[in-house]
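Trainee: Pasting a structure below so you can have a look.
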C-alpha cells in the first residue's frame, strides 16, 4: 500500500534516469510526477466510463501538497457526479484560446451585429457608455461564460452605492439585452440577469424652469452663441428630445411649409413625428451657419451632428449664473449669493409641457407635441385615433414661442395671449 506523502518527502524526492510517478496513500488517484530534469508536478488518475483518464493539476511548488490534494478531491467529486474533469479542462483551455469569447470581444460583436442595426442613436450611445465605463473595465478579459449573477450584482451594488438610481436601472437594462442576445447566440447557456432587480428606485424628475429662469436661459444661449446656444433655444422652443434636435438633418426640415419631420428610426417611440415650426424657430434656423459649406445637420461642428452635451450644458449654466450675478450687482445685491438650481436638457421638455398646460393648451395636444404615446394615443384608443393634430400643435407652439420671447426679451404678446406667470 502506498504511503501518504508529506511535505518533507515531496521536497526530498530526487529525479531518476526516467520519469517517475509516486502515488499519495492519503488521496487515492493523486500522483507526484518527477521528470528526469528534476521538474515536479501533480496529476490525478480516475476512471470515466470504461476509460482511465488523467487530469494534470499543476507544477510543484506552485501547487503544494495540500493544494494538490484539494484539487484531486474536487476532481474526484466531479467524477462521482458523472463529469469528466480532464475533458472540461481541455474544453476550457480551447475556449480561452479563442479570444472571440472574451467579454470585450463579445461586446464588439454585439455592437456590430445587433446594437447598431436595431436601435436609435441615443440608445446606442447609452449602451456604449455602459460598455465603456462598466463592463469592459470589470470583465473585459474574462470569458463570457464565466460571468455569474454574483458578478452582475457586484456592478449593481457599486452603482447603487454611488447614489445613481437612474444609472443603475439603465445599466441593468443594457446588460439584460446584451446577455439575452448572448444566450440566443448560444455563447452562454443561461443569462446571469435572471432574477436580478434594481436595488434603487429612480425618482421621477419634477424640475422645470420658471419664467425668470427661462429668461436667464434664453439670454445665456445668446451669450454662448453657436452651437450650444442655438441647440438650447431649439430645445426650449420645440420641446423635442435632445438627440432628436441635435441630430436633426436639413433634409427633415421644410422651412417654406414650416414643418420638421422626424423619421420613425430617430423617434423614441418608433413613430414618424411632425413638428410644426413657429416663426421664432424658422428665424433661428435661417440664421444658423454652415460648416465647410455643407448643410447636412442643423447643429454641427464637422462631419457629424453635435454631441458634446455636457460641455454645452456647462457653458449655458455658467452663462446663466454670470448674467444673474451681473444683474444682482446692478441692483446693489450680493452677486455671490446668486445660485441657480441644477437642471438638465430634458427639463426643457418639462418646461414646455408645464408652460403649455398653464397657457390653456389641451393635454392631448401637449402629448402630441412631445410625441408621447399615452392618454388619447395609448392602447386601443391609440389604435383607432390616428389624428396628428397638426393645426392644433402649430397653434400651441406659436403660443409657446410668443410666451418665451415675451418673458425673455420683453416682446409684446398677441392680444389673445395672457402671460401665465409674473416675470421676476
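The values are calculated or read from the model by the stated rules, or taken from the named source; none is laboratory data. Quantities reported herein were computed from a predicted structural model and do not represent experimental measurements. All Cβ positions, glycine included, derive from the backbone under ideal geometry; neighbour counts span all protein chains shown.
Residues checked against (1) out of contact with any strand residue (DSSP E or B) (no Cβ under 7 Å at 6 or more places or on another chain); (2) surrounded by fewer than 19 Cβ atoms within 10 Å (Cβ to Cβ); (3) closer than 21 Å to residue 394 by Cβ:
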{"site": "237", "(1), (2), (3)": "yes, no, yes"}
{"site": "276", "(1), (2), (3)": "no, no, yes"}
{"site": "299", "(1), (2), (3)": "no, no, no"}
{"site": "312", "(1), (2), (3)": "yes, no, no"}
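Trainee: Does residue 127 meet the test of being surrounded by 15 or more Cβ atoms within 10 Å (Cβ to Cβ) and more than 27 Å from residue 184 (Cα to Cα)?
Mentor: Details: surrounded by 15 or more Cβ atoms within 10 Å (Cβ to Cβ): yes; more than 27 Å from residue 184 (Cα to Cα): no.
In short, no.
Trainee: Okay, next question. Cβ-Cβ under 6 Å, sequence separation 6+ or interchain: first residue in segment 198-223 and assigned by TED's automatic domain parsing to the domain that holds residue 150, partner in a loop (DSSP other than H, G, I, E, B) and modelled with pLDDT of 95 or more. Which pairs?
Mentor: Between residues of segment 198-223 that are assigned by TED's automatic domain parsing to the domain that holds residue 150 and residues that are in a loop (DSSP other than H, G, I, E, B) and modelled with pLDDT of 95 or more, there is no close pair.
Trainee: Can you confirm whether residue 113 is farther than 30 Å from residue 203 by Cβ, loosely packed, with under 14 Cβ neighbours inside 10 Å, more than 15 Å from the chain's Cα centre (by Cα) and outside the structural domain of residue 268 (by TED's automatic domain parsing)?
Mentor: Details: farther than 30 Å from residue 203 by Cβ: yes; loosely packed, with under 14 Cβ neighbours inside 10 Å: yes; more than 15 Å from the chain's Cα centre (by Cα): yes; outside the structural domain of residue 268 (by TED's automatic domain parsing): yes.
Criteria met by residue 113.
Trainee: Can you report the number of residues in segment 328-380 which are assigned to a helix (DSSP H, G or I), under 34 Å from the mean Cα position of the chain (by Cα) and at pLDDT 90 or above? Even if it seems obvious, please write down each step before you answer.
Mentor: Taking segment 328-380 first, the residues assigned to a helix (DSSP H, G or I) are 328-330, 335-337, 347-358, 363-370, 375-377, 379-380.
From the residues that got through so far, the ones that are under 34 Å from the mean Cα position of the chain (by Cα) too are 347-357, 363-370, 375-377, 379-380.
Restricting the remaining residues to those that are at pLDDT 90 or above gives 347-357, 363-370.
The qualifying residues number 19.
Trainee: Right, another one. So, restricting to helices (runs of 4 or more DSSP H) that lie completely within segment 1-114, which ones have at least 1 residues that are within 30 Å of residue 140 (Cα to Cα)? Before the answer, list the steps.
Mentor: Numbers: elements: 7-12, 65-80, 85-97, 103-110.
By residue number, 65-80, 85-97, 103-110.
Trainee: Can you say whether residue 248 is buried (at least 16 other Cβ atoms within 10 Å of the Cβ) and modelled with pLDDT of 90 or more, as far as the supplied structure shows? It would help to see each step written out before you state the result.
Mentor: On the way: buried (at least 16 other Cβ atoms within 10 Å of the Cβ): yes; modelled with pLDDT of 90 or more: yes.
Answer is yes for this residue.
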